[in-house]
Every structure is written in C-alpha cells, then in structure tokens.
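K.L.:
Sending over a structure as structure tokens; questions will come in a sec.
Just so it is clear, none of the values below were taken in a lab; they were calculated from the coordinates. Worth saying up front: this structure is predicted, and the values here are computed from it rather than measured. Don't worry about glycine lacking a Cβ; one is built from the backbone with ideal geometry, like all the others, and counts go over all protein chains shown.
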Amino acid sequence: MTGKPPLTIRLCAPRGFCAGVVRAIDAVERALELHGAPVYVRHEIVHNKYVVDGLKAKGAIFVEELDDIPDTRAPVIFSAHGVAKSVPEHARARNMLTIDATCPLVTKVHREAEIHHKRGRTVALIGHAGHPEVVGTMGQLPDGAVLLVESVEDVARMAPPDAANLAWATQTTLSVDDTRAIVEALTLRFPAIVGPHKDDICYATTNRQEAVKAVAPTVDAMIVVGAPNSSNSQRLREVALHAGCPISQLVQRAADLDFDALRDVRTIAVTAGASAPEVLVDEIVDAFRARYEVTIETVATAQENVFFPAPRELRPKA
C-alpha cells in the first residue's frame with residue numbers, strides 16, 4: 001500500500017491535436033527543414049505556449065504583424081487561424097515568400113462568406129470579437145459586409161441593410177450549444193436567413209465537446225489542458241460546467257493545477273483542447289500520480305481519422 005488516496009482519472013477521447021493543428025505545426029517544421037532558420041510566423045501558429053516555445057527553439061520567429069519582419073527572403077507563415085485578405089496583399093507588396101497554414105475548415109468559412117457576398121447577402125458572423133479567426137473571416141469582405149454576432153442579445157440589436165438578404169456563418173471553435181441558441185434567434189427574427197451547407201463548427205471542436213458532455217456528469221472535476229487564449233479550450237471548460245461538473249479547471253501545465261480546490265475529489269476527467277499536445281496530458285496525469293493511487297479509464301465517444309495535406313508551398317514538386 002502506498003498510503004496515497006485513490007483517484008480515478010477518465011481520459012476523454014477524442015482530445016488534443018486536430019488535423020488542422022497538426023498541419024500547421026508540420027508546416028513550420030517543414031519550412032525550417034527546407035529553408036533553414038529563421039522562419040517567420042505571423043501570430044502564434046496555434047494557441048499553445050508549449051508548442052510555440054518548441055518551434056522558437058528550432059528557429060521560428062513569431063510576430064504579430066508583417067511590419068515586425070525585416071526585409072528578408074525567409075519564409076513567412078500565416079497561422080492556422082487564417083488572415084484578412086489585406087495580409088497576403090501586404091506580403092506580396094513586400095515580395096515575401098509566404099506559406100498559408102490556415103486550417104482548411106477556416107478557409108471553407110472564408111469561401112462561404114465570399115459566395116454570400118457575391119449573391120448580395122450580408123453575413124452575420126457568430127464569433128468572439130478580436131479572436132484572430134474572426135478578424136481573418138471579417139477581413140475577407142469589405143467593411144460593413146459582415147456583422148459580428150456574439151450573443152442572442154446581439155441578434156435583437158442587429159440592423160442589417162436588407163433583412164431579406166442575410167446569411168450566417170460561425171467561428172469554427174465555438175460552443176455547439178451556445179451557437180445553436182444564437183442561430184435559433186437569428187432564424188426566428190430573420191426567417192429568410194441562409195445558413196452554411198455544412199456546419200461551420202469544426203469536427204474536432206464538436207467531438208471534444210461531446211466527449212466532455214458524456215463524462216462531465218460522472219466526475220468530481222474536469223481538467224482541460226489548453227491555453228487561456230485558445231477558444232476551443234475555453235469552450236471545453238465551460239461545457240463541462242454546463243454539463244454538471246462542479247469543478248472545471250483550464251490549465252496550461254501541471255504547475256497550474258489548483259490542488260487545494262481538488263482536495264476532496266475521487267474521480268476526475270482530463271481532456272485537451274485541439275492545440276494542446278498529448279505530452280502535456282501525460283504531464284498532468286503524472287502530477288496526479290505523485291499524489292494519488294491512480295486508476296486510468298478512457299471514455300471514447302468518437303473516432304477521428306481526418307488528414308489535411310501540407311500547404312501547397314511545402315508539397316514535393318510533381
């Protein structure tokens with residue numbers, strides 16, 4: 001006997017990296033292999049400090065804007081979140097060698113917004129103000145062509161130029177349930193509104209939220225591994241609380257765990273946002289093993305086998 005109290009850890013599956021994140025990180029690593037250091041990356045390639053620090057150590061330099069990059073022939077990579085049209089235009093004006101690591105599912109939203117605009121529709125974009133994905137999507141169209149909707153209350157305040165020519169799209173990393181309520185409010189107020197052919201909230205966001213919903217009512221606490229600026233990770237923390245879990249902590253590393261708040265727990269669940277690597281999940285589990293006699297269970301609600309090819313600029317020449 002170890003003298004440690006027992007603890008059951010339920011690992012949610014799917015968790016962690018999605019196909020778009022894998023593609024983006026691979027793009028930086030492949031660019032470093034092909035071109036050598038440095039490689040510049042506009043914005044964090046994905047929202048995870050551990051991942052970003054690892055790429056910095058290999059020679060990636062992260063900047064917020066292209067103006068932060070000196071005149072260079074080194075590659076410049078756009079992050080998985082996507083960018084406004086003005087960004088590649090600026091890069092072309094400076095003759096930059098660019099690599100677009102935008103997640104294909106974000107690009108899908110961009111293309112849908114463009115089609116709606118060509119058909120004379122104003123786009124109601126459901127998302128969070130200031131998030132780089134939202135900035136990028138709104139930046140696909142002229143000013144005023146996209147109306148940002150963050151809540152059901154925003155729907156009541158909307159004043160589109162033509163209520164009969166309206167479409168909706170969403171950020172890919174939102175809460176499925178919160179978004180459904182906003183879509184219902186939009187449809188109620190604007191019955192002619194047009195939606196996407198296929199849900200904009202990505203498969204990985206949906207799958208991770210469904211796994212959390214399945215497990216949350218059965219545990220005393222939920223640990224979400226992810227960054228505070230990661231939308232999909234924040235949504236997992238909120239989903240756990242709404243699903244009946246009394247404690248839900250978002251942590252970047254094991255050092256962030258609030259063990260005082262977890263003093264009386266006997267069952268916990270662990271999940272990870274789509275930009276959090278599995279090594280950090282292992283670190284969290286090891287931190288609990290140091291304090292408890294741990295039993296591990298895996299609760300799987302879906303299987304994922306999605307793969308996205310590398311950005312065109314990094315594919316082998318035919």
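K.L.:
Can you give the extra length, in nm with one decimal, that the chain gains between Arg92 and Arg289 once fully stretched, where that is 0.36 nm per residue apart less the Cα-Cα distance?
P.N.:
The span from Arg92 to Arg289 would gain 65.7 nm if fully extended.
K.L.:
Nothing charged except the Cβ atoms of Lys and Arg (+1) and of Asp and Glu (-1): what's the magnitude of the dipole of region 12-118 about its Cα centre? Round to the nearest 20 debye.
P.N.:
Once rounded to the nearest 20, the dipole reads 300 debye.
K.L.:
So if a site counts as exposed when it's one of the trypsin sites (Lys or Arg not before Pro), its DSSP state isn't H, G, I, E or B, and it has at most 12 other Cβ atoms within 10 Å, what's the longest stretch of the chain without one?
P.N.:
That would be 120-197.
K.L.:
Give the separation of the Cα centroids, region 50-104 to region 243-318, in Å.
P.N.:
A separation of 28 Å, based on Cα centres.
K.L.:
Sticking with this one: Could you size up the charge dipole of the chain around its Cα centre, putting +1 on the beta carbon of Lys and Arg and -1 on that of Asp and Glu, and report it in debye to the nearest 20?
P.N.:
Roughly 700 debye, rounded to the nearest 20.
K.L.:
Next question. Can you pull the one-decimal nm distance between simple spin-label points at Ala37 and Ala159, each 7 Å off the Cα toward Cβ?
P.N.:
Here the modelled spin labels are 5.4 nm apart.
K.L.:
As I understand it, the dipole of the chain uses +1 on the Cβ of Lys and Arg and -1 on the Cβ of Asp and Glu, about the Cα centre. Which of Ala84, Leu314, Gly144 lies farthest toward its positive end?
P.N.:
Farthest towards the positive end: Leu314.
K.L.:
Using Cβ contacts closer than 10 Å as the measure, can you line up Tyr292, Tyr40 from fewest to most?
P.N.:
In order of increasing Cβ crowding within 10 Å: Tyr292, Tyr40.
K.L.:
Determine the relative contact order of region 19-103: mean sequence separation of Cα pairs under 8 Å and six or more apart, normalised by residue count, in whole percent.
P.N.:
RCO, region 19-103: 34 percent.
K.L.:
Would you be so kind as to identify which of Leu105, Ala254, Pro191 lies farthest towards the positive end of the dipole of the chain, taking Lys and Arg as +1 and Asp and Glu as -1 on Cβ and the Cα centre as origin?
P.N.:
Selected residue: Leu105.
K.L.:
Along its three principal axes, how long is the chain when you only count alpha carbons? Whole Å, largest extent first please.
P.N.:
Sorted from largest, the Cα extents of the chain read 68, 54, 34 Å.
K.L.:
Under 5 Å between amide hydrogens, which residues at least 5 positions from Met222 or on another chain qualify, with H placed 1.01 Å from N in the peptide plane?
P.N.:
Amide H neighbours of Met222, under 5 Å, 5+ apart: Ile247, Ser248, Gln249, Ala269.
K.L.:
OK, next. Defining a contact as two alpha carbons under 8 Å apart and six or more residues distant in sequence, what relative contact order in percent does region 105-189 show?
P.N.:
Relative contact order for region 105-189 comes out at 38 percent.
K.L.:
Please report the net charge: other residues with Cβ closer than 15 Å to the Cβ of Ala145, K and R +1, D and E -1.
P.N.:
+1
K.L.:
Averaged across orientations, what area in nm² does the convex hull of the alpha carbons in region 245-318 project?
P.N.:
7.6 nm²
K.L.:
Let me ask something else. Could you run the Karplus curve 6.51 cos²θ - 1.76 cosθ + 1.60 with θ = phi - 60° over region 126-131 and give me ³J(HN,Hα) per residue in whole Hz, x for Gly and Pro?
P.N.:
Using θ = phi - 60°, the values come out as 7, x, 9, 4, x, 5 Hz.
K.L.:
Ranked by Cβ crowding within 10 angstrom, fewest neighbours first, how are Ile115, Ile193, Ile223 ordered?
P.N.:
Ile115, Ile193, Ile223
K.L.:
Further question on the same structure: Where a Cα-Cα gap under 24 Å defines reach, which lysines qualify for Lys118, not counting those fewer than 8 residues away within the same chain?
P.N.:
Lys85, Lys108, Lys198
K.L.:
Residue by residue through region 302-316, what is 3J(HN,Hα) from phi via Karplus (6.51 cos²θ - 1.76 cosθ + 1.60, θ = phi - 60°)? Round to whole Hz and write x for glycine and proline.
P.N.:
After applying 6.51 cos²θ - 1.76 cosθ + 1.60, I find 7, 10, 10, 9, 6, 9, 10, x, 4, x, 3, 5, 10, 7, x Hz.
K.L.:
With a sphere of radius 13 Å drawn around the Cβ of Arg312, what net charge do the other residues whose Cβ falls strictly inside it have (Lys, Arg +1; Asp, Glu -1)?
P.N.:
So the environment of Arg312 carries a net charge of +2.
K.L.:
A further question on this structure: How big is the dipole moment of region 171-223 about its Cα centre under a simple scheme where the beta carbon of each Lys and Arg is +1, that of each Asp and Glu is -1, and everything else is neutral? Debye, nearest 20, please.
P.N.:
My answer is approximately 120 debye.
K.L.:
In whole percent, what relative contact order does region 178-318 give with Cα contacts below 8 Å and a gap of six or more residues?
P.N.:
Relative contact order here is 24 percent.
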